[in-house]
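Undergrad: Submitted below is the structure of interest, expressed as structure tokens.
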Amino acid sequence: MMRSICMATYNGAKYIKEQIDSILPQLREDDELVVSDDASNDATLEIVRSYNDPRIRIFNNENHGVAHNFENAMKQAKGDIIYFCDQDDVWLPGKLDKMEKFLVEGGYDCVLCNCSRVDADLNMVKERHYDEKWPMKKSLLRNIINNCWLGTCMAFTRELKEASMPFPPKVVAHDLWVSYYAQKHFKCGYLDEVLQLYRRHENTVSFTGGKSKNSLYFRIAYRIYLAWHILWA
């Protein structure tokens with residue numbers, strides 16, 4: 001089965017080499033790393049191109065934001081299994097093989113692994129991001145209210161990819177849309193093994209594991225918007 005790693009990039013030059021270095025040794029010859037860049041103005045693309053690896057495919061997204069940057073990577077992905085990938089994490093050896101085996105043998109459409117939260121210098125902050133509150137223990141409604149899904153820990157099938165696209169126009173979090181869609185319409189599973197280092201730093205794009213900077217009104221309105229589209233998709 002071909003695997004597509006979908007990485008959305010934006011001004012990620014500081015950490016992206018560590019992430020790519022952790023991924024490439026895990027790729028088979030027919031796998032791919034799909035990089036969708038959201039108009040970076042630093043050395044991000046220069047670093048990516050320097051690998052000169054035919055498994056890396058680069059696409060431009062023209063400053064459309066995080067969610068639709070990931071959507072663009074998904075659109076270009078050719079694989080049977082899709083992995084979301086942040087530009088600043090570090091994947092532990094064996095992540096791809098272990099998640100693929102768990103997904104296939106379990107008959108799942110979308111799976112989630114555990115991770116360790118680390119700081120900018122990879123110092124440990126929390127060894128296990130998920131303790132007892134992992135997503136498959138919660139209903140879809142409870143996850144919409146208080147999300148537990150984490151995109152960088154997800155892997156899912158081509159069938160889920162095609163069913164969940166295109167994203168609704170106002171989606172701002174790719175992982176929430178795809179995971180909620182999966183929880184409503186597909187079979188989901190959780191692999192309780194730490195398979196990556198989830199880096200949190202001052203320039204991080206997402207805020208999972210931290211306090212939201214959005215207003216209460218926005219958070220409520222956005223959840224209603226997601227629920228409406230998920231339930232009627």
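A short reminder: the numbers here are calculations on the coordinates, not readings from a lab. Treat the numbers as computed from the prediction; the structure is a model and nothing was measured. Every residue, glycine as well, gets a Cβ built from its backbone with ideal geometry; the counts of neighbours run over all protein chains shown.
Undergrad: Report the trypsin sites (Lys or Arg not before Pro) located in the stretch 11-107 that are in a DSSP loop and have at most 16 other Cβ atoms inside 10 Å of their Cβ, or state none. Kindly include the intermediate steps, with their values, before the conclusion.
TA: Working: sites: 14, 17, 28, 49, 55, 57, 75, 78, 95, 98, 101; in loops: 14, 28, 55, 78.
The qualifying sites are 14, 28, 55, 78.
Undergrad: Let me ask another. Counting other C-beta atoms within 10 Å, and keeping those with at most 11, which DSSP coil GluC sites (Glu not before Pro) do you find in the stretch 1-77?
TA: Numbers: sites: 18, 29, 32, 46, 62, 71; in loops: 29, 62.
Loop-located and lightly packed - 29, 62.
Undergrad: Points 7 angstrom from Cα along the Cβ direction at residue 53 and residue 133: gap in nanometres?
TA: 3.5
Undergrad: Still on this structure: If we sort 184-197, 129-142, 109-122 on the protection proxy, mean other Cβ atoms within 10 Å, highest first, what's the order?
TA: Numbers: 184-197: 17.1, 129-142: 14.6, 109-122: 19.6.
The peptides rank, most packed first, as 109-122, 184-197, 129-142.
Undergrad: Let me ask something additional. Tell me, what is the percent relative contact order of the stretch 3-231, built from C-alpha pairs under 8 Å that lie six or more residues apart?
TA: It comes to 24 percent, rounded to a whole number.
Undergrad: Just name one of 104, 168, 7: the one whose Cα is farthest towards the positive end of the charge dipole of the chain (beta-carbon charges, Lys/Arg +1, Asp/Glu -1).
TA: Of the options given, the answer is 168.
Undergrad: If a paramagnetic tag sat 7 Å from the Cα of residue 105 along the Cα-Cβ line, which residues of the stretch 1-44 would have the backbone N under 17 Å from that point?
TA: 1
Undergrad: So which aspartates and glutamates can residue 14 reach, going by Cα to Cα under 18 Å and dropping same-chain residues fewer than 8 places off?
TA: Partners within reach: 37, 38, 42, 46, 86, 88, 89, 119, 121, 202.
Undergrad: Further question on the same structure: Identify all lysines with a Cα-Cα distance to residue 161 below 26 Å; exclude those on the same chain that are fewer than 8 residues away in sequence.
TA: Output for residue 161: 75, 78, 95, 98, 101, 133, 137, 138, 170, 184, 187.
Undergrad: Sum -39500 (n - 2.57) across every DSSP H segment of at least 4 residues in the chain, then divide by the residue count to get the 222 nm mean residue ellipticity, nearest 500.
TA: -10000 deg cm²/dmol
Undergrad: At a Förster radius of 25 Å, what calculated FRET efficiency corresponds to the Cβ-Cβ distance of residue 119 and residue 21, to the nearest 0.05?
TA: 0.85
Undergrad: On to the next question. Between residue 29 and residue 141, what length in nm is gained on full extension when 0.36 nm per residue of separation is reduced by their alpha carbon distance?
TA: Gain on stretching residue 29 to residue 141: 36.3 nm.
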